[in-house]
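What follows is one structure encoded as structure tokens, with my remarks underneath.
The values are calculated or read from the model by the stated rules, or taken from the named source; none is laboratory data. Small disclaimer: the values here were computed from a predicted structure and weren't measured. Please note: Cβ atoms are built from the backbone with ideal geometry, for glycine as well, and neighbour counts cover all protein chains shown. To get the accessible areas, we keep the full protein, side chains included, count just its heavy atoms, and leave off ligands, DNA and RNA. Shrake-Rupley method; radii C 1.70, N 1.55, O 1.52, S 1.80 Å.
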Amino acid sequence: MKIEAKGDKITIMDFNEFDAFRIAAKVEKDGLLFYAQLAAGVKKPEAKEVLEFLLDEEKKHLKFFEGQLDRLRQLKEDTNEDDDLLNALDFGVFQPYQNLKGLEDLVTNIPKALRLGLIIEDKSIQFYHACSQKLSAQGTKEELANIITEENRHKALLERMIAGLPKSKA
């Protein structure tokens, strides 16, 4: 599967459900790591509560994508190694930080981290939307549509958090 990002649109060539769900699971795992690190750095209880909600949402989405992978594996053989595709991906599309240290440096600047969160949520939405157009199973498409709706809510939460920051910090 090949993924191209141009502006605010993601295009998928050679779509493969295994790869799509594997990538989606990786995106959600990265989201878990991101929000956990960000939650550890915030002081305001309201902000921590929002970030903990986002963590719970990422866990729920990860469970769905891992469940889809398990379902597919029961139907047919998964011929790819999990890490092969994930290592070959251009993570600039999904992961604007290069490594854990880069993430740690980012989350110490809360306004910048929140803006990064918006970018990550937006890329997830774009990817999930591109996948939904290629999926054949109606139930899976519907659940992915629900996840897209939830990811849009996450963006709105982050936007409200950014709007609530003191002007000098935003």
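Details
- Neighbourhood net charge (12 Å Cβ-Cβ; Lys/Arg +1, Asp/Glu -1) for N152: -4
- Per-residue SASA remark: D56, around 90 Å² accessible (1.4 Å probe; ligands, DNA and RNA not included).
- Nearest-10 value in Å² for the accessible area of D122, using the 1.4 Å probe: 50
- Summarising the label geometry, the points placed 7 Å from Cα in the beta-carbon direction at K60 and K29 lie 2.2 nm from one another.
- Rounded accessible area of R160 (nearest 10 Å², 1.4 Å probe): 150
- Put the Cα centre of the range 125-156 next to the Cα centre of the range 1-49 and the gap is 13 Å.
- Remark: spin-label model distance Q74-A156 equals 3.4 nm, labels positioned 7 Å along the Cα→Cβ axis.
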